[in-house]
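Written below as structure tokens is the structure these notes are about.
The values are calculated or read from the model by the stated rules, or taken from the named source; none is laboratory data. None of the values given here were measured: they were computed from a predicted structure. Using ideal geometry, Cβ is built from the backbone for each residue, glycine included, and neighbour counts are taken over all protein chains shown. Surface areas here come from the heavy atoms of the whole protein model, side chains and all, with no ligands, DNA or RNA. Shrake-Rupley method; radii C 1.70, N 1.55, O 1.52, S 1.80 Å.
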Amino acid sequence: MVRLPVVPENDALPPVLSLSPSARLMALYVLAASRTGKSRLLGRGIVWSDYFFEIPQIVIDPTGIGTIDNFLDKLITRLQYVPKSQDKRFLRRIKYVNMASPDYIVPFPLIYKTGHERSLLHIAERYLNVIRLSYPQLLESQVQGFPPLHLIGVHTHIVLSALGLPITRAENLLRHPEEWQNTGKFAEAVRRNPEAAPSVAFFQEEFIPARPADRRRYLNPYFEKIFTFSLDVNLRCQFGALKPGLDWEEVETEGLTVLLDFRDETDPEMRRLKLLWVTSSLFEHGKRRGRREHPLAITIAEFSAMAAKVTAGTNPLAQMLGVPLVEYRRLRFGEMRG
């Protein structure tokens, strides 16, 4: 049974109606036609209720004008019952993140360490798995598809991770591996973490001696997926940082409501990449946290915005989640079974 936090009797906000805890032990699906009130139900109902009862939650909204705006509009309306001196008391539990803001960037690095990884390979595979999910058609091509991208990506990310470097250094490593060899960076990677030895051996024994044509065969698929991170200063700051800007454990401990707004990301492919990257990070946290006494709520609006179009077979993202594709999805890790 999920126990809701007790709201103080002198709380200035009016009481709210909410679904019973027993009705939300498993995932909650909301599926309906356009403009029938799904966003109002989520933003003004479920998300607001979790905020009111201080249940930690993350809201992922590709459009922002739906679930997030409905929640914030209700918050502003309810704050009229609160003295101005008390506003910070309620606002401190909200973190709003514009995922395409040019002014205030919250890092979501593609190579990072939490301290819970089982190996450098675990760190190296994170972004590559998102590429696989985002572009399932790459699996069908053996020459310019996922196999060479995966090979070069794993070895590159392992070396960078061992040295504590971001993904924005990957292009320099792959274009100038001889410099990395001569300046002792490869040796430093092995000294810092012996797990990097096989990847360093790959560069020293296979990649550096390879002909330029063979190098390009390795590099072209991988470069296609990383070159933009070095060209755009905002992407470089967002994906090339060394430490995530959000700590999911802190979100749970502080009972925060995190609003991830993607409305200003106008590039459909970049929006889908960001959506998948944030969601994969959350799912990794969910698997690691296991069952806890308190729940963690996640709302994903417009779930179809993350899903790749697959004409035949199973969508790999749906397979990872283990649930069918729907427009809205509600997951409660603390009580999720299976």
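Observations
- Any hit, region 27-44, residues being touching a strand residue (DSSP E or B) at 6+ places or on another chain (Cβ under 6 Å), surrounded by fewer than 17 Cβ atoms within 10 Å (Cβ to Cβ) and touching a residue at least 24 places away in the same chain (Cβ under 8 Å): yes
- Residue that is modelled with the highest pLDDT, among those in region 38-65 that are in a strand (DSSP E or B) and touching an Asp or Glu at 6+ places or on another chain (Cβ under 7 Å): Q57
- Residue check, V233 closer than 30 Å to Q137 by Cα and at pLDDT below 85: no
- Single condition S22 does not satisfy, out of (1) among the hydroxyl-bearing types (S, T, Y); (2) assigned to a helix (DSSP H, G or I); (3) at pLDDT 75 or above: (3)
- Residues of region 129-151 that are open to solvent by less than 40 Å² (accessible area, probe 1.4 Å) and in contact with a Lys or Arg (Cβ under 9 Å, 6 or more places away or on another chain): I131, S134, L138, F146, P148, L149.
- Q204 at pLDDT 95 or above and either surrounded by 13 or more Cβ atoms within 10 Å (Cβ to Cβ) or in a loop (DSSP other than H, G, I, E, B) (or both): yes
- Any hit, region 91-112, residues being in a helix (DSSP H, G or I), out of contact with any helix residue (DSSP H, G or I) (no Cβ under 6 Å at 6 or more places or on another chain) and either at pLDDT 85 or above or open to solvent by 50 Å² or more (accessible area, probe 1.4 Å) (or both): yes
- Restricting the search to helices (runs of 4 or more DSSP H) fully inside region 219-303 and requiring at least 3 residues that are open to solvent by less than 50 Å² (accessible area, probe 1.4 Å) and among the hydrophobic types (A, V, I, L, M, F, W, C) gives 268-289.
- Of all the residues in region 182-201, those that are buried (at least 16 other Cβ atoms within 10 Å of the Cβ), under 22 Å from Y222 (Cα atoms) and not aliphatic (A, V, I, L, M) number 3.
- Qualifying residues in region 170-181 (those that are in contact with a helix residue (DSSP H, G or I) (Cβ under 9 Å, 6 or more places away or on another chain) and free of Cβ contacts under 8 Å to residues at least 12 places away in the same chain) - the one most open to solvent (accessible area, probe 1.4 Å): R175
- A search for C-beta distances below 7 Å between a residue of region 219-243 that is among the small types (G, A, S) and any residue that is not in a loop (DSSP other than H, G, I, E, B), counting only pairs 6+ apart in sequence or on different chains, returns S230/T168; S230/E171; S230/R236; G240/I167; G240/T168; G240/F229.
- Selection over region 166-190 of residues that are within 26 Å of P107 (Cα to Cα) and of a type in the set (V, I, T) gives a count of 2.
- Residue list for region 115-126, restricted to those being open to solvent by 60 Å² or more (accessible area, probe 1.4 Å) and either outside any loop (DSSP other than H, G, I, E, B) or without any contact (Cβ under 8 Å) to a residue 24 or more places away in the chain (or both): G115, R118, L121
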